[in-house]
Amino acid sequence: MGIINVTPDSFYDGGMYQSGEMIRLRAMRMLEDGADILDIGACSTRPGSVEPDEETEKKRLKEALSVIRMEYPDATLSVDTFRSGIAEWSVKEYGVQIINDVSGGNLDSRMFEIAGKLNVAYVLMHMLGSPGNMQSNPRYQDVIGDISLFFADRIMKLTQEGVADIILDPGFGFGKTIEHNYDMLNRLKEFEIFERPILVGLSRKSMIYNVLMGAPESSLNGTSVLNAAALINGAGILRVHDVKQAFECIRLIERLKN
């Protein structure tokens, strides 16, 4: 899953993909490098971020989705949004196949109902709180156990609304300390009890560059290392900024397993 952020303030590539041509080139490069899914986000969810209003989010998405659908009509697209109105519009207008909801339904009570009516895949992510406060002293009794209880409850509610294709994302960096993140990565296989695909988003995050005393820009090698660990521990989808390196990582880990 290749990340295309069309926001001015995302933590790594904010502001880089504002024009239709830059978005087209980004999508082309990702698909050529082996991306199976393009994940389009128009609302930054970095720690401490302030969300734009719905019309601003829609305006940003409209240009990106229009360009990508025109150039790559068969591409599998995901929209990274927690708003059911944005999800419904993007599916009906642009044939988006996946809703990627960082809030797991917590920020819009209609999201599960809409996902069921649209008959699309849904990424169920765990986040403690909201982007504005999620890193304010996050605490768990047991990070895997607490997230598993969340997944169990939300999977039941999603299936009741008719959502069949559910992808689980434990939400690295979303209301977790560095210790929580590494504990979660080390125990990722425990989420296999749900028999759902596991999506992992580690790309250039602070759990990498804070340990290495670097920055997002210098975290590609660290991302590849942790992506390899995630694949070994059961990840089925990697959400990344750098598709070529992730694709190579997948090929090598598949060879190792075989």
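Annotations
- Summarising the amide proton neighbourhood of residue 37: residues at separation of 5 or more, or on other chains, whose placed amide H is nearer than 5 Å comprise 2.
- Global geometry of the stretch 31-81, whether rounded, prolate or oblate, following the gyration tensor of its Cα atoms and the 1.5 cut on a/c: oblate
- Helical content alone sets the calculated 222 nm signal of the chain at -13500 deg cm²/dmol, taking -39,500 (n - 2.57) per DSSP H segment of four or more residues and averaging over every residue.
- Using C-alpha pairs below 8 Å separated by at least 6 residues, the relative contact order for the chain is 17 percent.
- Here the 3J(HN,Hα) profile of the stretch 89-102, calculated from phi with Karplus coefficients 6.51, -1.76 and 1.60 at θ = phi - 60°, is 4, 5, 6, 6, 8, 10, x, 4, 9, 9, 9, 10, 9, 5 Hz, Gly and Pro shown as x.
- When only alpha carbons of the stretch 175-258 are considered, Rg and Dmax amount to 12.6, 36 Å.
- In this structure, the amide hydrogen of residue 121, modeled 1.01 Å from its nitrogen in the peptide plane, lies closer than 5 angstrom to those of 99, counting only residues at least 5 positions away or on a different chain.
- Nearest-20 debye value, the stretch 2-257 charge dipole, Cβ charges on Lys, Arg, Asp, Glu: 260 debye
- For the stretch 2-257, fraction of C-alpha pairs farther apart than 28 Å, in %: 28 percent
- Long pairs among 189/244; 59/117; 62/176; 189/257; 157/189, criterion Cα-Cα beyond 27 Å: 62/176
- Across the stretch 176-192, computed HN-Hα scalar couplings (Karplus, 6.51 cos²θ - 1.76 cosθ + 1.60, θ = phi - 60°) run 9, 7, 4, 5, 4, 4, 6, 4, 5, 5, 5, 10, 4, 4, 5, 6, 5 Hz from first to last residue, x flagging Gly and Pro.
- The stretch 153-201: projected area of the alpha-carbon convex hull, averaged over directions, in nm²: 3.7 nm²
- Look at the dipole of the chain built from charges on Cβ: of 203, 221, 177, the Cα furthest out on the positive end belongs to 221.
- Remark on residue 169: its backbone amide H falls under 5 Å from those of 124, 125, 126, 199, a criterion applied only to residues 5 or more positions apart or on other chains, H modelled at 1.01 Å from N.
- With a cut-off of 13 Å between beta carbons, the residues surrounding residue 90 carry a summed charge of -1, where Lys and Arg count +1 and Asp and Glu -1.
Every number here is computed from the coordinates shown, using simple stated rules; none is lab data. Computed from a prediction, not measured in an experiment: that's the story for all the values here. Please note: Cβ atoms are built from the backbone with ideal geometry, for glycine as well, and neighbour counts cover all protein chains shown.
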